[in-house]
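To start, the structure under review is shown below, and the notes come after it.
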Amino acid sequence: MRLVLADDEHLVRGALRAILGAEPDIEVVGEATSGSEAVSLVRELRPDVVLMDVRMPETDGIRATELILGAPDVVAGDRAAPRVLVVTTFENDSYVYEALRAGAHGFLLKRATAEELVAGVRLIARGDSLLFPAALRSLAAHHARADRAGALRRRLTGREAEVLRLMAEGLTNTEIAGRMAIGQATAKTHVAAVLAKLEARDRTQAVIAAYEHGFVTPGGASTG
């Protein structure tokens with residue numbers, strides 16, 4: 001797994017490099033001190049994962065995420081666009097929410113343990129999303145649009161609506177299957193249908209849409 005670190009604090013980058021670089025399956029191939037530098041390194045090095053601080057000079061982590069995931073020259077060729085994992089000091093930082101809306105695949109707190117950091121990077125690298133439902137609900141409270149819940153609900157079947165609610169709780173496909181007493185393949189099919197109908201690139205984008213439309217309230221219940 002090839003990894004780029006983007007953080008303007010030297011000590012933070014050093015700590016991240018020491019922890020992640022010690023893992024046999026992770027190679028830190030580059031370090032950036034700003035969002036613009038992170039974009040340049042991604043274009044040059046084509047990493048698998050970018051560990052992105054959201055508050056950086058010149059170009060912040062939000063804009064850098066947009067450029068990395070939306071630039072044609074990044075996704076061209078045999079390698080797909082890298083996965084972006086946001087790191088932040090405060091879980092209720094509005095920058096985190098904006099980074100997720102920009103396409104980041106999850107976020108992790110800087111106070112996370114070494115084990116949590118390594119596990120989070122591996123989770124993102126294999127295509128999953130790293131979300132914390134309680135923190136996301138708090139962030140989404142400032143963006144929810146309850147009047148649009150009905151419109152979103154009408155785009156989903158009853159099963160798909162239930163799947164979206166469980167996705168917002170942070171459940172995996174396996175856990176959704178268990179909760180709904182359905183097969184894993186069926187759960188995966190429902191998740192794919194939800195993503196397609198919401199025009200979401202991944203689970204993170206689907207959950208963001210659910211909160212912004214008020215379909216899932218900050219208190220955790222679905223509406224509509």
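When the chain is fully extended, how far beyond the present Cα-Cα distance does residue 193 get from residue 18, taking 0.36 nm per residue of separation? Walk me through the numbers before you get to the answer.
Working: separation 175, 0.36 × 175 = 63.00 nm, distance 4.07 nm.
Extra length available between residue 193 and residue 18 comes to 58.9 nm.
Working only with C-alpha atoms, what are the Rg and Dmax values of region 2-130, expressed in angstrom?
Cα only, region 2-130: 12.9, 37 Å (Rg, Dmax).
Using per-residue counts of other Cβ atoms within 10 Å, averaged over each peptide, order 36-48, 173-185, 7-19 from highest down.
Details: 36-48: 19.2, 173-185: 14.3, 7-19: 15.9.
Those peptides, ordered most packed to least, come out 36-48, 7-19, 173-185.
Check which residues have an amide H placed less than 5 Å from residue 87's amide H, if you skip close sequence neighbours.
For residue 87, the qualifying residues are 52, 53, 54, 108.
If we count other beta carbons within 10 Å of each Cβ, what is the order of 53, 128, fewest first? Write down the numbers at each step before the final one.
Details: 53 28, 128 18.
The most exposed by this proxy come first: 128, 53.
For region 159-173, in order, what is each residue's ³J(HN,Hα) by Karplus, 6.51 cos²θ - 1.76 cosθ + 1.60 with θ = phi - 60°, in whole Hz (x at glycine and Pro)?
5, 5, 4, 5, 4, 4, 4, 5, 4, 5, 7, x, 6, 7, 4
Computed from the coordinates by the stated procedures, all read-outs in this text should not be read as laboratory data. Given the structure is predicted, the values throughout are model-derived calculations rather than measurements. Methodologically, a virtual Cβ is constructed for each residue, glycine included, from the backbone with ideal geometry; neighbour enumeration extends over all protein chains shown.
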